[in-house]
1. What list of ³J(HN,Hα) values in whole Hz, one per residue of region 181-187 in order, does the Karplus curve 6.51 cos²θ - 1.76 cosθ + 1.60 (θ = phi - 60°) give from phi, with Gly and Pro shown as x?
2. Ignoring any ligand, DNA or RNA, what whole percent of the accessible area of region 21-71 comes from carbon and sulfur when the probe is 1.4 angstrom?
3. At most 14 other Cβ atoms within 10 Å and a DSSP loop assignment: could you name the GluC sites (Glu not before Pro) in region 102-190 that fit?
4. Would you rank K43, K137 by solvent-accessible area, highest first, keeping every protein chain in place and using a 1.4 Å probe?
5. Per the helix-only calculation at 222 nm, which mean residue ellipticity applies to the chain, given -39500 (n - 2.57) for every DSSP H run of n ≥ 4 and division by its residues, nearest 500 deg cm²/dmol?
6. What do you reckon, how do H140, H48 stack up by accessible area (1.4 Å probe), largest on top?
7. So what does H25 come to for accessible area, using a 1.4 Å probe and Å² rounded to 10?
8. Using only the alpha carbons, work out the radius of gyration and Dmax of the chain in angstrom.
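The values are calculated or read from the model by the stated rules, or taken from the named source; none is laboratory data. Keep in mind it's a predicted model, so treat the numbers as computed, not measured. Quick reminder, even Gly has a Cβ in these numbers, built from the backbone with ideal geometry, and neighbours come from all protein chains shown. We work out accessible area using only protein heavy atoms, side chains counted, and drop any ligands, DNA or RNA first. Shrake-Rupley method; radii C 1.70, N 1.55, O 1.52, S 1.80 Å.
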Amino acid sequence: MQQEERSERSRTQILDAALKLFSQHGYGATSVNDIAEEAGVSKGNVYHHFPDKETIFRALLDQYFQAMSQPDFPFNRALATGTFPDNLENLGRAARDAVVEWRQHVALIYVDVVEFDGTHIRKFYEEMANRFDAFLKTHHIAPQLADGLSPTSAVMLATRIFFNYFSVEIIFGVKDHFGKQTDQVIAEVSRILRHGMLKQKSAARTQRPRRTGFSPSSRAKARRT
């Protein structure tokens with residue numbers, strides 16, 4: 001094995017070990033020694049690749065953020081291959097797949113919020129609307145929405161609802177926390193997003209009474225005769 005290959009292999013081992021430890025124990029409770037031991041490398045080897053522990057943490061978050069921008073990311077693939085909001089159920093299932101696949105990386109977002117006050121993730125979320133807007137334009141996605149609604153806002157809302165739901169279920173381990181099975185939740189949330197929460201008024205109820213052309217006084221006279 002060439003030196004470059006060995007170096008890349010050890011770097012990958014370090015990142016994999018740090019991902020496991022950070023996602024399970026948090027940032028503060030994980031030392032560089034812990035990472036080196038888990039990775040099966042020396043502490044010096046860790047510092048050869050990374051100047052400090054925080055750089056490792058940032059590199060892991062960057063892995064997830066870069067993956068989220070790729071066409072083959074489950075949610076992106078579902079969004080690009082359907083018509084929004086007809087494809088909401090597919091987006092819900094894709095969000096679940098993404099959280100399952102990137103479970104440990106998603107957990108780091110919560111670690112960053114708790115231990116760093118969101119320092120490392122803030123910029124990513126600040127730029128989220130621009131990324132969604134660019135994605136919709138690049139893939140020529142024109143959602144069928146009510147007049148005046150922003151396609152970017154609509155897609156972002158669906159994204160946050162589904163990702164938050166599955167983060168609680170998968171990261172926090174709270175199964176069926178809406179009191180029903182996953183497919184039922186996806187279907188119900190999709191229905192709410194499409195049609196809203198208010199009871200739909202029937203056409204008969206919304207019709208105005210037809211005018212007869214008679215005034216109250218003329219109707220009274222007609223009754224007397």
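1. 6, 4, 4, 5, 5, 4, 5
2. Details: 1130 of 2560 Å².
Carbon-and-sulfur percentage of accessible area, whole number: 44.
3. Numbers: sites: E115, E126, E127, E169, E188; in loops: E127.
Qualifying residues, ordered by number: E127.
4. Details: K43 90, K137 140 Å².
Correct descending sequence by accessible area is K137, K43.
5. Values: 13 runs with 148 residues, N = 225.
Calculated at 222 nm, the ellipticity per residue is -20000 deg cm²/dmol.
6. Details: H140 160, H48 135 Å².
Correct descending sequence by accessible area is H140, H48.
7. 110 Å²
8. In order Rg, Dmax, the Cα atoms of the chain give 26.9, 111 Å.
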